[in-house]
Amino acid sequence: MFLKDYFVTIYKSVGSLLKGMKVTGYYFTHPKEIQTQEYPDNRATLQMFDRFKGEVVMPHDENNEHRCTGCQACEIACPNGTIKIITKQELQPDGKKKKAIDTFVYHLELCTMCNMCVTACPSDAIKMAQTFEHSVYDKRQLKKVLNAPGSKLMEGVE
Amino acid sequence: MSLLGEPELTEEGEFVINIGPQHPSTHGVLHLKVWLDGETIKKIQPHLGYIHRSIEKMSESLSYRNFIYATSRMDYLSAHINNQACALTVEKGLQIEAPPRAQAIRILMAELTRLSSHQLWWGCTGLDLGAVTPFFYAFRERELIMEIMEETCGARLTQNYSVPGGVMYDVHPNFQNRVKDVMKQVKSRFREYEEALTGNVIFEQRTKGVGYLSAEDAISFGCTGPTARASGVSCDIRKWFPYDGYDKLQFDEIIMTGGDSYTRYMVRMEEMKQSVAIIEQLIDNIPEGDFQAKTKMVIKLPKGEFYQRVETARGELGVYIVSDGAASPYRIKYRSPNFSNLSALSHMATGAKIGDLVAIMATIDLVIPDVDR
Amino acid sequence: MAETEKMIFPAQLHQTADGGIVVSKLDDMINWARSNSLWPLVFGTSCCAIEMMSAADAKYDWSRFGFEVARATPRQADLIIVAGTIVMKMAPVLKRLYDQMPDPKYVIAMGACTISGGPFFYNTYSVVKGVDHVIPVDVYIPGCPPRPEALLHAMITLQEKIKHETYFGKAKTEEGK
Amino acid sequence: MALFLTISFSSIATGIHTWLAGTMQNEMLVKITEMAIAGISLLLFLVPLCFFLGYMERKVAAFMQIRLGPNRVGPKGSLQIVADTIKLLLKEGLTPTASDKFLFNLAPMIVVVTSMLVMAPIAFAKDFQIWDLSIGVLYVSSVSSIAVIGILMAGWSSYNKYSLLGAMRSGAQIVSYELSVGLSLISIVILTGSLRMSDIVMSQENGWWIFKGHIPVLISFVIFVIASTAEINRAPFDLAEAEQELTAGFHTEYSGMKFAMFLLAEYINLFVVSAIGATLFLGGWMPFHIGHWEAFNHIMDFIPSSLWFFGKTFAIIFIIMQFRWTFPRLRVDQLLTLEWKYLLPISMVNVLFVTVMAIMGWHF
């Protein structure tokens, strides 16, 4: 009885081990199962999803105009102070002074891509970009100014 | 080598090794002080705080909309379920309910999260026990789920998709087809998982009868989730305190009574199948309508205390908010599943070998940032 | 890589006028070996560690670059990828791990938490505001957590940096001339 | 080319010998020169071999794990191990302050030298052997067990608890598994009636032992593969390193070149045990012969003997690699249970069967 158990154990163990080896053996002999996407080589075809949150950008049109009014809703919405907006008073053609952004500072090194700023923005001035290759040697390069130099507020955006 | 303190023999001639904070099998930065007799463990003392990020304290200075994102970093493998718990608590305080569509989306996402978390756990259990290859098979399916997450939520791991009142935006038009495809593939792989690891005699030997936790001990240590359910304790929050419409769904609470590492393993394997079943029930029946209830720009909870619990991939997560009527919580406390589950580790591992300790930690499925918060 | 070339490099690059052919060839060979054999230390504290694991998995597969030999002991590692928040209690441990690594050693700060404290920059009392307060960092990757591809990109960026180091002769900088 | 290989190995060896004997009058000098040549050529052979094995291991692992593996350094990533080696050579070699510095630095040498010594009696091709000593098999099994001293030394001198635990595990492991390896080797010795490697190979002229010896030899072959996997500390028996338990086990404190030597020894050991398994059970360089089928045997002889040898060796290496990438690791007590409760009793009974078979002449 003992001997029978002994050999049954051996038989079952060897069987289970061979089953495991069958799985690895299957994949070894079926190279088409390989899942690898070769990242730097597939860069041209690599497409991020539309909603992928890579960094916050401020789109500018061809006249170097953006839609940011400087209302600071995004700055308030941001949970960890990633966005700092410095505003200035701009003289309008009609002589009135109007608030406009001077610099839109975005700390990429702090950003957690939570999308709160984008949903908070009343004028769709900022959006998430699908870039992800942000590696740098110097951390200071991660502090970004989103409004392009000399850019203006787009007509009709309040 | 210890990272803290020189190698030393204590007075009684005991052999003490420090496992962690940097150690491949602690799944983070847990520090275990282990008293050994040869290879046998005499005592374990976990040291915490190596990833204490003061999320609770930090949440007190954030508004009700903003504090949710930080909980993604707590139990990052069930990030969506954490967010859901916070959103539900705030909703409870506001006495609103998310629209049916939002609830269905939340459940789908939560189950996908649970599935991906269990898959990662399965791979890492293999890895901890020395079998490297299962890790890659598990991640193959996990990546598919990550793609679903990414397409709809825009992030792979820390989605920040649940907001008070519903979800941040509607699901992607591709969502349903993609989920169906992925579920088909995930289901077809379960057999392979069993062949590669579950049935393996070495794996069975390593886990069967190891790290026994009785039902009484599971209750007294406050264990929840698969860890407690493997000891025969019924504690699935989805059944006991249904939220977001879990009560309308057909699924089983997996309860087994073995109490050892192997049972904990089997409970999780079965839970994966249940998650797939839930997703398949719901994926064709997402109600139409709004994905978000109307909430005010600045949320203020009425004065009082609010508590909501959910079932994460590791157990019961409770969110306790004390509000003084201001725009940010007065006090937040998270009852995290891993902290209680970790407390049972010393009890389970005493008398086992070092190799068993690794197996036990793998089957409890610890996420250390959730312990320390 | 076009992106990496655009990046400002810490040292200005010049041809060595007095370096000699043998020395610079040897340098090239050493840098080739070092940059293609970066063995990372198994060191992950939180969420970014999961993405680091993803970078090792079949889909992203960092073994293509020869990075897959993740060593659990700092003595055998070349690279420490700080994946996750470093808190005050962990900082001395991290420093110690870094000190235990043999030269040459490199550091990648992965994710917002390690670069600057990230989500825990304000309002917390226990988080180190940037891992470069503790150990010198070679490459920073923002993101919370960064994609596995972003980690691969960072490692390629680090390779670029290593390829410009000198072992023999003078530094390839203007000051070194 | 293929024919050239067969001719060259034996003729080069004899050619060198006659040339040296002709030019040098002193017999002693000839011997010393020959030994030096053998040593240098062994080194020249071993380093590329280890590069190849390292590359093979990574590629095998990658394909089993549905990924590509190294493919960026050199053609198809073949220079990956070269890069690793150059890097390890130039890395700082630390010696911990608290360690026993002499033993700490000696240990990797012992491990490497031991594994190289075992190469001596292996017949790589027809008439191509460094030292065909009369106690070949005994030599192999005795010299290979010296390696445990190196590992124990490494673990003890590191002044590190993980290393110590790893070394102690390794000691228990190698001492136990040596028995099974020895017994399975003995079954072939009984059948052949000789300990000399060349005799063992020649005895398989009409068929390899694994076919001639029926089930008992098959069993001892399986035991040999399992036990030697354990003896060279490879997964699933890599308890001495056990990354998830002991960080890196006995070589936790080793860095740079000293660590590279452990890696080198691991791959040489892998090759050596596979070569011995191939020689004893699969006929070494002997082509695949079947009894009296002269025509078939003649065709088989056209494939050079070195190809036969390396083909068989790499088949066993592949199996051992597949073990590593498939199975979970055993626990230390299960490791000893496997040896003392299963492998050793079975191989003892097996030796009895083989003896009966040899006496009765039931093998072909």
Cα gyration tensor shape of chain B, rounded if a/c is under 1.5, else prolate or oblate by comparing a/b with b/c: oblate
B:Lys42 accessible area, 1.4 Å probe, all protein chains in place, Å² to nearest 10: 100 Å²
D:Val189 accessible area, assembled protein chains, probe 1.4 Å, Å²: 30 Å²
Where Cα atoms sit under 23 Å apart: lysine pairs in chain D separated by 8 or more or lying on different chains: 14
Protein-only accessible surface order, largest first, of B:Lys303, A:Lys19 at 1.4 Å: B:Lys303, A:Lys19
Region B:155-296 - convex hull of the alpha-carbon atoms, volume per residue in Å³: 155 Å³
Kirkwood hydrodynamic radius of region D:184-300, Cα pairs, Å: 16.2 Å
Å² per residue, accessible surface of the protein assembly as shown at 1.4 Å: 38 Å²
Over region B:56-175: Kirkwood hydrodynamic radius from C-alpha pairwise inverse distances, Å: 15.1 Å
Inter-label distance, nm, simple model (7 Å from Cα along the C-beta direction), D:Asp100/A:Asp5: 4.4 nm
Relative contact order %, region D:90-360, counting alpha carbon pairs below 8 Å whose residues are six or more apart: 27 percent
Over chain D, equivalent-ellipsoid semi-axes from the Cα gyration tensor in Å: 33, 27, 21
Net charge dipole size for region A:55-153 [Lys, Arg +1 and Asp, Glu -1 on Cβ; Debye, nearest 20]: 380 debye
Debye, to nearest 20: dipole size of chain B, +1 on Lys, Arg Cβ, -1 on Asp, Glu Cβ: 940 debye
Paramagnetic reach from A:Thr29 in region D:315-339 [backbone N under 19 Å; point 7 Å along Cα→Cβ]: D:315-327
Separation between Cα centres of region B:127-183 and region C:59-86, rounded to whole Å: 24 Å
Calculated from backbone phi, Karplus (6.51, -1.76, 1.60) coupling profile of region D:231-238 in Hz, x at Gly/Pro: 5, 8, 6, 9, 4, x, 10, 8
Charge dipole of region C:19-162 about the Cα centre (unit charges at C-beta), most positive-ward option of C:Met29, C:Tyr125, C:Ile81: C:Tyr125
Cα point-scatterer Debye curve for the protein assembly as shown, base-10 log of I(q)/I(0) at q = 0.08, 0.09 Å⁻¹: -0.87, -1.06
Quotient of C-alpha Rg and 2.2 N^0.38 Å, computed over region C:19-162: 1.06
Whole-Å semi-axes of region B:108-178's equivalent ellipsoid (Cα gyration tensor): 27, 12, 8
Average beta-carbon neighbours from other chains, 10 Å sphere, peptide D:84-90: 6
Loop-located GluC sites (Glu not before Pro) in region B:139-194, at most 15 other Cβ atoms within 10 Å (DSSP): none
Rounded percent of accessible protein surface that carbon and sulfur make up, region D:1-153, 1.4 Å probe: 76 percent
Principal-axis tilt of helix B:79-94 within chain B, Cα atoms, nearest 10 degrees: 50 degrees
Residues of region C:134-159 buried by at least 50 Å² on assembly (accessible area, 1.4 Å probe, chain alone as reference): C:Tyr140, C:Pro142, C:Cys144, C:Arg147, C:Glu149, C:His153
Cut-off under 5 Å, modelled amide H: who pairs with A:Glu90 long-range: A:Lys98, A:Lys99, A:Ala100
Table column - 3J(HN,Hα) (Hz), region A:17-26, Karplus curve with 6.51, -1.76, 1.60, x for Gly and Pro: 5, 5, 4, x, 5, 5, 5, 5, x, 4
Selected from A:Leu110, A:Leu142, A:Leu17 as most flexible by GNM, with chain A as the system and alpha-carbon contacts under 10 Å: A:Leu17
Listed residue (B:Met58, B:Phe251, B:Tyr334) projecting farthest to the positive dipole end of chain B, Cβ model: B:Met58
Cα centre as origin, Lys/Arg/Asp/Glu Cβ charges: region B:253-309 dipole, Debye: 520 debye
Convex hull volume per residue in cubic angstrom - Cα atoms of region B:55-114: 69 Å³
Exposure rank, largest accessible area first [B:Val267, D:Val349; 1.4 Å]: D:Val349, B:Val267
For a label point 7 Å along the Cα-to-beta-carbon line of A:Thr119, residues of region B:153-178 with backbone N under 15 Å: B:153-155, B:158-172
Accessible area buried, both sides summed, chains D and A with 1.4 Å probe, Å²: 1600 Å²
For residues of D:304-310, the mean tally of beta carbons on other chains within 10 Å: 0
Solvent-accessible area buried by pairing A with B, both sides, nearest 100 square angstrom, 1.4 angstrom probe: 2400 Å²
Whole-number percent relative contact order across chain A, with pairs defined as alpha carbons under 8 Å at least 6 apart: 28 percent
Proximal charge balance of D:Pro108 [Cβ under 12 Å; K/R count +1, D/E count -1]: -1
For region B:260-373: rounded, prolate or oblate by the Cα gyration tensor [a/c cutoff 1.5]: oblate
Inverse mean reciprocal Cα-Cα distance (Kirkwood Rh) of region A:55-153, Å: 14.2 Å
Accessible area, probe 1.4 Å, largest first, for residues B:Glu97, B:Glu311: B:Glu97, B:Glu311
For B:Asp252, solvent-accessible area (1.4 Å; no DNA, RNA or ligand), Å²: 90 Å²
Between helix B:133-153 and chain B: long-axis angle, C-alpha atoms, 0 to 90°, nearest 10: 20 degrees
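The values are calculated or read from the model by the stated rules, or taken from the named source; none is laboratory data. Since the model is a prediction, treat every value here as computed from it, not as a measurement. FYI the Cβ positions are ideal-geometry reconstructions off the backbone, even for glycines, and counts take in every protein chain you see. The accessibility values were calculated without ligands, DNA or RNA, using every heavy atom of the protein model including side chains. Shrake-Rupley method; radii C 1.70, N 1.55, O 1.52, S 1.80 Å.
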